[in-house]
1. In the range 199-223, what residues are within 16 Å of ligand 2 (Cβ to nearest atom) and either in contact (Cβ under 8 Å) with a residue 60 or more places away in the chain or charged (D, E, K, R) (or both)?
2. Taking the stated definitions as given, is A30 open to solvent by 50 Å² or more (accessible area, probe 1.4 Å) and among the aliphatic types (A, V, I, L, M)?
3. What is the residue count in the range 108-142 for residues that are surrounded by fewer than 14 Cβ atoms within 10 Å (Cβ to Cβ) and not in a helix (DSSP H, G or I)?
4. Those residues that are open to solvent by 20 Å² or more (accessible area, probe 1.4 Å) and assigned to a helix (DSSP H, G or I), I need them from the range 213-245; list them, please.
5. Is there any pair with a first residue in the range 144-158 that is without any contact (Cβ under 8 Å) to a residue 24 or more places away in the chain and assigned to a helix (DSSP H, G or I) and a second that is open to solvent by less than 80 Å² (accessible area, probe 1.4 Å) and hydrophobic (A, V, I, L, M, F, W, C) whose Cβ atoms are under 8 Å apart and which are 6 or more apart or on different chains, and what are they?
6. From the residues in the range 176-188 that are open to solvent by less than 70 Å² (accessible area, probe 1.4 Å) and farther than 19 Å from Q69 by Cβ, which one is nearest to ligand 1 (Cβ to nearest atom)?
Amino acid sequence: MSNFEIAVPHTVKPGAKVKLKSIATLPPDAIKFNKKSARAQIAANALEMAELAKRLYAEDKRSILLVLQGMDTAGKDGTIRWVMRGMNPTSCQVHSFKVPSAEEADHDFLWRNHIAAPRRGNIGIFNRSHYEEVLVVRVHNLKPESRWQKHYGLINDFENLLSQCDTKIVKCFLHISKDRQRERLQARLDDPTKHWKFSLGDLEERKLWDDYQAAYQDALEKCSTPFAPWHVIPSDKKWYRNLVISALLKKTLLEMDPQYPQPESDYAGVVVK
Ligand code: AMP
Ligand code: MG
């Protein structure tokens, strides 16, 4: 294995077919980590990433966009909480995309995503994203098919634009089983301190599981490009999900190898009085 200690088990190659039912939601059997050692590794990664993110910010030329998608309870919020621990909030922003506001709906569907894209030197996280426009929009017929069918190509164009303008895009689909979703929804119901995370609408959405899986499959197939491939993250175990995404993000930062900028002049011998 590489020196990044753990690899993403499934990255969708551009043009490849995706069969979500055949992709694991559990960690591979041969995994050398357990919950405890994974947490220690995530903490070590976080320290390294904080230093790399500092350099990215100082360099002020490129940015990273982490896109998180997944069914309800797949763990988008938990991933952010664990993986981004220790990052400087100044250079790291999370955007959660909900049902579009009246103003957002009054623009093209990418408008709200584009203005939320990370500034140079920053790491931006989309908790849900422009992909909702080929997921919930498709499953619930919120727009005519003739419209959302165009979104795949427009999303690829948008991501191409971002990537050509120095934003590195990292897209993770948090893949859970239907059974695990049942357990996690039930846990939210059984614990009064988790009721705020639950809504009866979640049960209606669960009934549309197969439609969502089909929509996800299409999105993963049509929108895995050389510049922004989809990573399928087995997410039935939270520690493994967090470990894989943490390693992926660290690997991305290491490969970008951000550098402190050269000073404007030679400050040797300059003394502050
Ligand atoms: P949550 O992530 O649980 O806070 O829920 C946010 C809700 O907003 C989800 O039900 C999403 O499907 C919905 N949502 C996000 N983006 C869109 C969109 N572009 N169009 C319609 N609904 C959306
Ligand atoms: Mg919800």
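1. Initial filter on the range 199-223 (within 16 Å of ligand 2 (Cβ to nearest atom)): 199-209, 212.
Of everything in the range 199-223, those that are within 16 Å of ligand 2 (Cβ to nearest atom) and either in contact (Cβ under 8 Å) with a residue 60 or more places away in the chain or charged (D, E, K, R) (or both) turn out to be D202, E204, E205, R206, K207, L208, W209, Y212.
2. On the way: open to solvent by 50 Å² or more (accessible area, probe 1.4 Å): yes; among the aliphatic types (A, V, I, L, M): yes.
The answer is yes for A30.
3. 4
4. From the range 213-245, those open to solvent by 20 Å² or more (accessible area, probe 1.4 Å) are 213-214, 217-218, 221-222, 226-227, 229, 231, 237-239; that's our starting set.
Passing the criteria: Q213, A214, Q217, D218, E221, K222, K238, W239.
5. That search, which allows pairs on different chains as well, returns W148/V134; W148/V137.
6. Within the range 176-188, the first condition is being open to solvent by less than 70 Å² (accessible area, probe 1.4 Å), and the residues that meet it are 176-177, 180-181, 184-185, 187-188.
With the extra rule that they be farther than 19 Å from Q69 by Cβ, the set shrinks to 187-188.
Values: A187: 16, R188: 11 Å.
Residue satisfying both the conditions and the ranking: R188.
Residue-by-condition table, conditions (1) within 16 Å of ligand 1 (Cβ to nearest atom); (2) part of a loop (DSSP other than H, G, I, E, B); (3) touching a Ser or Thr at 6+ places or on another chain (Cβ under 7 Å); (4) at pLDDT 95 or above:
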residue: Y57; (1), (2), (3), (4): no, no, yes, yes
residue: D72; (1), (2), (3), (4): yes, yes, no, yes
residue: D77; (1), (2), (3), (4): yes, no, no, yes
residue: R81; (1), (2), (3), (4): yes, no, no, yes
residue: P100; (1), (2), (3), (4): yes, yes, no, yes
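The values are calculated or read from the model by the stated rules, or taken from the named source; none is laboratory data. Because the structure is predicted, anything quoted here is derived from the model rather than measured. FYI the Cβ positions are ideal-geometry reconstructions off the backbone, even for glycines, and counts take in every protein chain you see. Protein only, heavy atoms only, side chains kept; ligands, DNA and RNA dropped before computing areas. Shrake-Rupley method; radii C 1.70, N 1.55, O 1.52, S 1.80 Å.
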